[in-house]
1. Name the pairs: first residue in segment 229-250 and among the acidic types (D, E), second residue modelled with pLDDT of 80 or more and assigned to a strand (DSSP E or B), Cβ to Cβ under 9 Å, at least 6 apart or on different chains?
2. Quick one: which strands (runs of 3 or more DSSP E) lie wholly within segment 334-435 and hold at least 2 residues that are under 27 Å from D456 (Cα atoms), out of contact with any Cys (no Cβ under 7 Å at 6 or more places or on another chain) and not small (G, A, S)?
3. Go through the residues of segment 363-386 one by one and say whether even a single one is among the small types (G, A, S), closer than 30 Å to N433 by Cα and touching a helix residue (DSSP H, G or I) at 6+ places or on another chain (Cβ under 8 Å).
4. For segment 67-103, name all the residues that are of a type in the set (S, T, N, Q) and closer than 15 Å to F52 by Cα.
5. Return yes when D415 is touching a strand residue (DSSP E or B) at 6+ places or on another chain (Cβ under 9 Å) and closer than 18 Å to K365 by Cβ and no when it is not.
6. Conditions: (1) crowded, with 21+ Cβ neighbours inside 10 Å; (2) modelled with pLDDT under 95. V369 meets all but one. Number of the miss?
7. So which residues in segment 67-81 are in contact (Cβ under 8 Å) with a residue 24 or more places away in the chain and surrounded by fewer than 19 Cβ atoms within 10 Å (Cβ to Cβ)?
8. Suppose we keep only residues that are out of contact with any strand residue (DSSP E or B) (no Cβ under 8 Å at 6 or more places or on another chain) and of a type in the set (S, T, Y) within segment 423-464. Which one would you say is farthest from V394 (Cα to Cα)?
Amino acid sequence: MRVTRTVIFVAVCAIGWAHAAVLANPVGNAITYQGQLKQGGVPFNGTVDLEFKLWDAAVEGEPVGETVAIRELEVVNGLFTVPLDFGPGAFTGNARWLEVGVRSDSSSDDYTVLSPRQALRGTPYAHYALSSPDSAWAPAEGGISYFGGDLGIGTDVPLLDLQVHEDLRGGRASGSSSLGASVLNTIGLSRFFYMQSDDTAAWLIWDMASDLRLVQMDGMFNPAPWERMRITAGPFSKVGIGTTDPQAKLHVDSTRTDAPVLQLEGGSDASPTGAGVLVVGSTAGRNIVMDGNEIMARDNGVASKLYLNADGGDVAISASGTGNVGIGTSTPAAMLDVAGTARIQVLEILGADLAEKFPISDNVKPGMVVAIDPKHPGNLCLARGAYNQRVAGVVSGANDLPAGTILGNLPGYEDATPIALTGRVYVWADASNGSIEPGDLLTTSNTPGHAMKATDRSRSYGATIGKAMTGLEEGRGLVLVLVNLQ
């Protein structure tokens, strides 16, 4: 048959050498050829065999590489696309021409050779880049090596082995600002990575077997750097900021600055509106959140309490609405709950009396005088009768004057009544036995739970409550008393 050819294009299947060098599965030496066959001026449809040969001349010359035969190729509307691989030594930098043979009968040995041969241009010679003896690039195990001296990208005067110039605003630089990287052997270090802006520089230094260091330098090659950060070598690396000898997983030395050691800005899922949030995660959805002036412990997003445990000792701050603080206990039952011995140099108490909790046999209210209950050992009851030798104290808390210290919070006594044993306390008094003036001794009276002026000194011994600090002219009322049982 008489076949004509219309060439569509020839393209290299392999991508550029710089990318091919890092691919896990390089594409090899094949190129892609696409053309169109016509028979009698009409696009051909059917099955053909094609044979491709590479020559070193447009006419005659010598064949180059291997012959590529394509059998039983289906051609639709004259178009076909085939891969061609003439071997690794086919493209060496010299000109090449492609010759195409075609036949429609596979039983025949004769091909119709299409004329003229087609010149191959440009792109296939990318295969030559890594193999040319004149090239500064050479393939290496696992990569590519360059032997052409300093390499500059964006600059025609590179100062480093590899220097890339880039305008910090996104365009090309005039030379004052640059971003570079260098592999050097300087001051005993095998690897430098360099970044520069104007006259300042930062170097990321790594000797592979030693620490990774980030240093700031005064100028490009000042040999006396200021170290800013270090990551130590080895399986248990430590990070140091402001120190060359980190002693912890993260060691920040801020002794030379008044800036915060750690500053966080913005919100988080734990606290979307927080000005600064630090979240330390743990397991099962539990974490510690530091947000502004608050420290919270969260359990699956719900704030509960801050709980610390060190060497078996518990410290808990309840967030259940009470704000209780516990030391030695994780469930504080008071504003300050210490399970153990507390030692303090000076203790300042805002209350007024020293009280102890006792079970009371009668119904009492703050300010009433109580006595030892003879019918219920260990209990107290309302004081009854004048000059009662069993007088024990006064119920604390009258007239909004709180107790200063409460003793006897023993198991089973948590809800017992606090009784003032000494100190200042308001007492219910009865002036029927004489008006009360400051300084008068007080004792029990015939009015249950009330005090009166002690006028019989012989009967007062062992029945005295204390001294009046305010007066009561007549009737019944509250008198401030300095409790001093005797």
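The values are calculated or read from the model by the stated rules, or taken from the named source; none is laboratory data. Only a predicted model underlies this, so the values are computations on that prediction, with no experimental measurement involved. Note that each Cβ is placed from the backbone with ideal geometry, even for glycine, and that neighbours are counted across all protein chains shown.
1. D245/R230; D245/H251
2. In segment 334-435, the matching strands (runs of 3 or more DSSP E) lie at 369-372, 380-382, 391-395, 417-430.
3. Within segment 363-386 (the criterion being among the small types (G, A, S), closer than 30 Å to N433 by Cα and touching a helix residue (DSSP H, G or I) at 6+ places or on another chain (Cβ under 8 Å)), the answer is yes, since at least one residue qualifies.
4. Residues satisfying the conditions are T67, T81.
5. yes
6. (2)
7. R71, E72, L73, E74, V76, N77, L79, T81
8. Per the stated criteria, the residue is S458.
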